[in-house]
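The values are calculated or read from the model by the stated rules, or taken from the named source; none is laboratory data. These numbers come from a predicted model, not from an experiment. Cβ atoms come from the backbone with ideal geometry, glycine included; neighbour counts cover every protein chain shown. Surface areas here come from the heavy atoms of the whole protein model, side chains and all, with no ligands, DNA or RNA. Shrake-Rupley method; radii C 1.70, N 1.55, O 1.52, S 1.80 Å.
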Amino acid sequence: MAQIDKKEIEKALESVVYPGSDQSIVALGMVSEIFIADGKAFFSVTVPAEKANEMEPLRLAAEKAALAVPGIKSAMVALTADRKPGSAPQKPPATAAKAPPQARTKAGVPGIGSIIAVASGKGGVGKSTTAVNLALGLQTLGLRVGILDADIYGPSLPRLLKISGRPQQVENRIILPMENYGLKVMSMGFLVDEEAAMIWRGPMVQSALMQMLREVAWGELDVLVLDMPPGTGDAQLTIAQQVPLAGAVIVSTPQDMALIDARKGITMFRKVEVPLLGVIENMSYFIAPDTGARYDIFGHGGARAEAERIGVPFLGEVPLTISIRELSDAGTPVVVSEPDGPQAKIYRDIAEKVWAQVGAGLSKPAPRIIFE
């Protein structure tokens, strides 16, 4: 495929005139840096905050203009609300404040029974490996399971699940998820090259997340696992605000530094009233394959003690093993590669504990939280 120059898209966007003016969104400097990958264009349009709710036709016009460029197969366009320094946030209409509770309920995803977030306070604790094996563990319970890679900047599910290629697009912008080991999977890693740097502002990340969640033909699933990015930033708040989570699972390693960051994640989910399904201590200990001796490389028991301190279920200890690392790198998760092994049993036990809470209806939908 011939390389598409972003200037071609800028030229096409010159036909999109900002409402109430005689100038294009390009001339007014409203278009962000344009990112192109594999025939897909990504950019945002910055609009006044007080008019953001009226700008959907403008966004659609920009998307249509981008799609008219030869070689562009799809476009992801987000609106960025720009508030002038010192201006006060817009207050919602009085009628909105008096709306009945059901009007403020977050919309679910058709066909999906429950959505579970797997999160961590920091990177490098094995969260994605845990999310994949948890999803496969839930599948062993007879559940229909999907998994969404919500880490836009560092997607890892294509490698962890040994999936390559591009998802197919069907009518009305809906795309079909990829699949392996019986899991339905969606990740930004399927849409851009593995080495592409996603240099996006928050609104672009939020838009991409919602598109991957709501514009994918998931079909009928009992549970969708969200592999969250590390930390407590835009992506986490977007998910907590717009998605009816059945609960969140926190992954941490035993040492104090990891636990400090894990506490931040726990605090965030509590503030937005998302139920905490429990804490997993990953890399809990190491068993030497040659001698069988046990080593607590990162300490031991810190996550269990923290869970007990704050009154959150402790879901289990996952050891640091060469097999988990090797099988994850090879895209053959331990739950399917060594289903009778001790590590697979640990993940299945964790899955049973998680589903016991979700399936029993102990979790309640979180209310809609508005972040100014």
When residues of the stretch 315-326 are limited to those that are modelled with pLDDT under 85 and not hydrophobic (A, V, I, L, M, F, W, C), the one most open to solvent (accessible area, probe 1.4 Å)
Arg325
Here is a check on your reading of the model: is Val16 open to solvent by less than 30 Å² (accessible area, probe 1.4 Å), in contact with a helix residue (DSSP H, G or I) (Cβ under 6 Å, 6 or more places away or on another chain) and among the β-branched types (Val, Ile, Thr)?
yes
When every residue in the stretch 94-153 that is under 20 Å from Pro342 (Cα atoms) and within 15 Å of the chain's Cα centre (by Cα) is compared, the one modelled with the lowest pLDDT is Lys127
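Name the residue, out of Glu281, Glu273, Glu317, that is within 18 Å of Pro342 (Cβ to Cβ), outside any helix (DSSP H, G or I), of a type in the set (D, E, K, R) and out of contact with any helix residue (DSSP H, G or I) (no Cβ under 7 Å at 6 or more places or on another chain). Show your work before the answer.
Working: Glu281 fails: out of contact with any helix residue (DSSP H, G or I) (no Cβ under 7 Å at 6 or more places or on another chain); Glu273 fails: within 18 Å of Pro342 (Cβ to Cβ).
Matching residue, one of Glu281, Glu273, Glu317: Glu317.
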What single numbered condition from (1) surrounded by fewer than 21 Cβ atoms within 10 Å (Cβ to Cβ); (2) under 20 Å from Val125 (Cβ atoms); (3) modelled with pLDDT under 85 fails to hold for Glu306?
(1)
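Please pick out the residue among Ala65, Ala37, Ala49 that is within 14 Å of Lys11 (Cβ to Cβ) and either open to solvent by less than 30 Å² (accessible area, probe 1.4 Å) or more than 26 Å from the chain's Cα centre (by Cα) (or both). Lay out the reasoning, then the answer.
Values: Ala37 fails: within 14 Å of Lys11 (Cβ to Cβ); Ala49 fails: within 14 Å of Lys11 (Cβ to Cβ).
Being within 14 Å of Lys11 (Cβ to Cβ) and either open to solvent by less than 30 Å² (accessible area, probe 1.4 Å) or more than 26 Å from the chain's Cα centre (by Cα) (or both) holds for just one of Ala65, Ala37, Ala49, which is Ala65.
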Subset of the stretch 24-62 (residues that are touching a Ser or Thr at 6+ places or on another chain (Cβ under 6 Å), without any contact (Cβ under 8 Å) to a residue 60 or more places away in the chain and farther than 12 Å from Met204 by Cβ):
Met30
Has the stretch 289-302 got at least one residue that is of a type in the set (A, V, I, L, M) and open to solvent by less than 30 Å² (accessible area, probe 1.4 Å)?
no
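Going by what's in this entry, would Lys264 be described as open to solvent by 60 Å² or more (accessible area, probe 1.4 Å), over 24 Å from Ser207 (Cα atoms) and under 25 Å from the mean Cα position of the chain (by Cα)?
On the way: open to solvent by 60 Å² or more (accessible area, probe 1.4 Å): yes; over 24 Å from Ser207 (Cα atoms): yes; under 25 Å from the mean Cα position of the chain (by Cα): yes.
Yes.
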Can you tell me which residue within the stretch 3-41, out of those that are charged (D, E, K, R) and part of a helix (DSSP H, G or I), is nearest to Leu191 (Cα to Cα)?
Lys6
For the structure I just gave you, tell me whether Val312 is modelled with pLDDT of 85 or more, in a loop (DSSP other than H, G, I, E, B), more than 30 Å from Asn180 (Cα to Cα) and among the β-branched types (Val, Ile, Thr).
yes
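Can Met204 be described as under 27 Å from Ser32 (Cα atoms) and at pLDDT 80 or above?
Working: under 27 Å from Ser32 (Cα atoms): yes; at pLDDT 80 or above: no.
Here the answer is no, as Met204 does not meet what is asked.
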Can you tell me which residue within the stretch 146-160, out of those that are in contact with a Gly (Cβ under 9 Å, 6 or more places away or on another chain) and closer than 23 Å to Glu317 by Cα, is least open to solvent (accessible area, probe 1.4 Å)?
Leu157
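In the stretch 331-367, what residues are outside any helix (DSSP H, G or I) and either at pLDDT 90 or above or buried (at least 16 other Cβ atoms within 10 Å of the Cβ) (or both)? Walk me through it before giving the result.
Taking the stretch 331-367 first, the residues outside any helix (DSSP H, G or I) are 331-333, 338-341, 360-367.
If the condition is that a residue be outside any helix (DSSP H, G or I) and either at pLDDT 90 or above or buried (at least 16 other Cβ atoms within 10 Å of the Cβ) (or both), then Gly331, Thr332, Pro333, Glu338, Pro339, Asp340, Gly341, Ser363, Ala366 are the ones that fit.
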